[in-house]
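Q: Questions regarding the structure given below will be posed in turn.
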Number of protein chains: 2
Amino acid sequence: MLFHIKDQFPELRPYLDKYLEFQERLEVPAKTVLLEEGKISGNYIFVAKGCIRAALNNNGDDKTTQFFFENEGLTSLESFLKNTPSLFTIETIEPSIIYLLPKKYVTALLDDLSHEPRFLKVILGFLAERQLHYMHEFVSFIKDTAEQRYQNMLNDRPHIIQRVPQHYIASYLGITRVHLSRIKSALARKQG
Amino acid sequence: MLFHIKDQFPELRPYLDKYLEFQERLEVPAKTVLLEEGKISGNYIFVAKGCIRAALNNNGDDKTTQFFFENEGLTSLESFLKNTPSLFTIETIEPSIIYLLPKKYVTALLDDLSHEPRFLKVILGFLAERQLHYMHEFVSFIKDTAEQRYQNMLNDRPHIIQRVPQHYIASYLGITRVHLSRIKSALARKQG
DNA sequence: ATTATTCGGTAACATATGTTATCGCCATGC
DNA sequence: GCATGGCGATAACATATGTTACCGAATAAT
């Protein structure tokens, strides 16, 4: 929420720079858990290099719900705002470089920024974008078949397919890895 | 976004009251289209009485994506913020009383409020809530079967099932009305 | 090098869901 | 009163998707 804003909105830079020193830099291998499902989220997480996923345990099977790559940041929003246990586990997929900003600094920063009128539009745009993202995903489940959702991913976010193991992608699409494999071979048969 | 905030946050009332006079009150029968898919959204829509739905045409069949009831407000956010054609048709389900606030007043109000520090938290909380709503819907498609989604709706939003025709609910759940009917009779057989 | 894991493909069968068609009920308009 | 259309249930059949099991390639651990 913070550090990618810095580049897009230079006028806000002074507000943000003040907090950079409080970040903790982590260099971690693949499959490192950054936040466990059921725990309270204590940090804003920024991905400098690598990629990570959000996942939940659904009666024993692991369901991936989101992917994050370089220069994306995340919190378990619900956990962060309401101090409730996180619905998701946050875990690296590749070896990654991560920055953590403890929650107290994030809230302090928000307080700073609430006195800065220009910030309202920034935060509005930022949250609206996330909201539209989830809304599009949701609508896609209503209107599209699994095969169409895979095609959408191929078109809109091909880096996911290139970098992420297939079983994570399958659960993200709401299907099994067997079915995803079938979809791929059906598409290959159709055109190559 | 505006008029239900008024009651929750009395300190913002002066900001909001100024704009009340610009609302247009509409009393309309069921199946009245308030915004057509493909058109640019020109108003913030507030439901005073009745209920409405958002829907889209997917290769000829009508898919309902959201329901709104008394004291809820909506915009086609994407259309509103980016001035792009709305993805959805907005249509009344029951005879309804609707208030419209033209876009220019909404943006003027937001400008007013950007100078009011207390407002940032309000808008943050408000947008976060919408975002969490979509996220939960999205996650539910990943982890739940159609039958479980119907059960969730029964538990969390039973008024929808009571007031909305079944074929709208079916498309909202991502299934056909035939399948929804089967789910209902399966549940009835299980317990009654 | 050798083993153990992870990953992706495929087959056979089971279950979930879609499609089409038919029926009955009920509200509405004529 | 009688049509008409919207709505919901159900059946028969078709397709989509899940489950389990097995294979082989690539990668990591020893």
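Q: Test B:Glu36 against the stated conditions and say whether it is under 30 Å from A:Gln148 (Cβ atoms), surrounded by fewer than 18 Cβ atoms within 10 Å (Cβ to Cβ) and among the charged types (D, E, K, R).
A: Numbers: under 30 Å from A:Gln148 (Cβ atoms): yes; surrounded by fewer than 18 Cβ atoms within 10 Å (Cβ to Cβ): yes; among the charged types (D, E, K, R): yes.
The answer is yes for B:Glu36.
Q: Of all residues in segment B:156-180, which are near DNA strand C (Cβ under 9 Å from one of its atoms) and aliphatic (A, V, I, L, M)?
A: B:Ala170, B:Leu173, B:Ile175, B:Val178, B:Leu180
Q: All but one of (1) within 18 Å of A:Gln66 (Cα to Cα); (2) within 12 Å of DNA strand D (Cβ to nearest atom) hold for A:Thr145; state the number of the condition that does not hold.
A: A:Thr145 satisfies every listed condition except (1).
Q: A further question on this structure: Within the set of pairs 6 or more residues apart or between chains, which connect a residue that is within 14 Å of another protein chain (Cβ to nearest Cβ) and closer than 21 Å to B:Phe138 by Cβ inside segment B:167-192 to a residue that is exposed (fewer than 14 other Cβ atoms within 10 Å of the Cβ) and of a type outside the set (A, V, I, L, M, F, W, C) with Cβ atoms less than 8 Å apart?
A: Partner pairs satisfying both residue conditions: B:Ser171/B:Asp61; B:Leu180/B:Gln166.
Q: Okay, moving on. Sort out for me the helices (runs of 4 or more DSSP H) sitting completely within segment B:150-192 that have 1 or more residues that are under 20 Å from the mean Cα position of the chain (by Cα) and within 8 Å of DNA strand D (Cβ to nearest atom). Can you show your working first?
A: Working: elements: B:158-163, B:166-173, B:177-190.
Qualifying helices (runs of 4 or more DSSP H): B:166-173.
Q: Now, a different point. What is the number of the single condition among (1) under 30 Å from A:Asp144 (Cβ atoms); (2) in contact with a strand residue (DSSP E or B) (Cβ under 8 Å, 6 or more places away or on another chain); (3) assigned to a loop (DSSP other than H, G, I, E, B) that B:Leu56 does not meet?
A: (3)
Q: List the number of the failed condition for A:Ser140; all other conditions in (1) closer than 26 Å to A:Val33 by Cα; (2) out of contact with any Leu (no Cβ under 9 Å at 6 or more places or on another chain); (3) buried (at least 16 other Cβ atoms within 10 Å of the Cβ); (4) polar (S, T, N, Q) hold.
A: If we test A:Ser140 against (1) closer than 26 Å to A:Val33 by Cα; (2) out of contact with any Leu (no Cβ under 9 Å at 6 or more places or on another chain); (3) buried (at least 16 other Cβ atoms within 10 Å of the Cβ); (4) polar (S, T, N, Q), just (1) comes out false.
Q: Every residue in segment B:50-60 that is surrounded by fewer than 18 Cβ atoms within 10 Å (Cβ to Cβ) and either within 14 Å of the chain's Cα centre (by Cα) or touching a residue at least 24 places away in the same chain (Cβ under 8 Å) (or both), please. Show your work before the answer.
A: Here is the first cut: in segment B:50-60, the ones surrounded by fewer than 18 Cβ atoms within 10 Å (Cβ to Cβ) are B:57-60.
Selection gives B:Asn57 alone.
Q: Considering only residues that are out of contact with any Asp or Glu (no Cβ under 6 Å at 6 or more places or on another chain) and either under 12 Å from A:Leu127 (Cα atoms) or at the interface with chain A (Cβ under 7 Å from one of its Cβ atoms) (or both), which ones fall in segment B:122-137?
A: From segment B:122-137, those out of contact with any Asp or Glu (no Cβ under 6 Å at 6 or more places or on another chain) are B:122-131, B:133-137; that's our starting set.
Those that are out of contact with any Asp or Glu (no Cβ under 6 Å at 6 or more places or on another chain) and either under 12 Å from A:Leu127 (Cα atoms) or at the interface with chain A (Cβ under 7 Å from one of its Cβ atoms) (or both): B:Ile123, B:Leu124, B:Gly125, B:Phe126, B:Leu127, B:Ala128, B:Glu129, B:Arg130, B:Gln131, B:Tyr134, B:Met135, B:Glu137.
Q: Being farther than 24 Å from A:Ala128 by Cβ and crowded, with 17+ Cβ neighbours inside 10 Å is true for just one of A:Thr75, A:Thr92, A:Thr65. Which residue is that? Can you show your working first?
A: Details: A:Thr75 fails: farther than 24 Å from A:Ala128 by Cβ; A:Thr65 fails: farther than 24 Å from A:Ala128 by Cβ.
One residue alone meets the criteria, A:Thr92.
Q: Could you check, for segment B:128-136, whether at least one of its residues is of a type in the set (A, V, I, L, M) and within 16 Å of DNA strand C (Cβ to nearest atom)? Please lay out each step first, then the result.
A: First pass over segment B:128-136, keeping only residues of a type in the set (A, V, I, L, M): B:128, B:132, B:135.
Pick out the ones that are also within 16 Å of DNA strand C (Cβ to nearest atom) and you get none.
No, that holds for no residue.
Q: Further question: Within segment A:67-121, work out how many residues are touching a residue at least 60 places away in the same chain (Cβ under 8 Å) and either in a strand (DSSP E or B) or among the charged types (D, E, K, R) (or both). Reasoning before the result, please.
A: Going residue by residue through segment A:67-121, those that are touching a residue at least 60 places away in the same chain (Cβ under 8 Å) are A:67, A:69, A:71-73, A:75, A:91-103, A:105-106, A:108-109, A:112-113, A:116, A:118-119.
Within this subset, residues satisfying the condition of being either in a strand (DSSP E or B) or among the charged types (D, E, K, R) (or both) are A:67, A:72-73, A:91-92, A:94, A:96-103, A:112, A:116, A:118.
Within segment A:67-121, residues that are touching a residue at least 60 places away in the same chain (Cβ under 8 Å) and either in a strand (DSSP E or B) or among the charged types (D, E, K, R) (or both) number 17.
Q: All but one of (1) buried (at least 18 other Cβ atoms within 10 Å of the Cβ); (2) in contact with a Leu (Cβ under 8 Å, 6 or more places away or on another chain); (3) away from every other protein chain (no Cβ under 13 Å); (4) not polar (S, T, N, Q) hold for B:Val164, so report the exception by its number.
A: Only one criterion in (1) buried (at least 18 other Cβ atoms within 10 Å of the Cβ); (2) in contact with a Leu (Cβ under 8 Å, 6 or more places away or on another chain); (3) away from every other protein chain (no Cβ under 13 Å); (4) not polar (S, T, N, Q) is unmet by B:Val164, namely (2).
Q: For B:Glu147, are the conditions met, namely being over 22 Å from A:Arg130 (Cα atoms), away from every other protein chain (no Cβ under 14 Å) and touching a Cys at 6+ places or on another chain (Cβ under 7 Å)? It would help to see each step written out before you state the result.
A: Details: over 22 Å from A:Arg130 (Cα atoms): yes; away from every other protein chain (no Cβ under 14 Å): yes; touching a Cys at 6+ places or on another chain (Cβ under 7 Å): no.
In short, no.
Values quoted throughout were computed directly from the atomic coordinates according to the rules given, and no laboratory measurement underlies them. As the structure is a computational prediction, the values presented were derived from the model and not from experiment. As a convention, Cβ positions derive from the backbone with ideal geometry for all residues, glycine included, and neighbour counts pool all protein chains shown.
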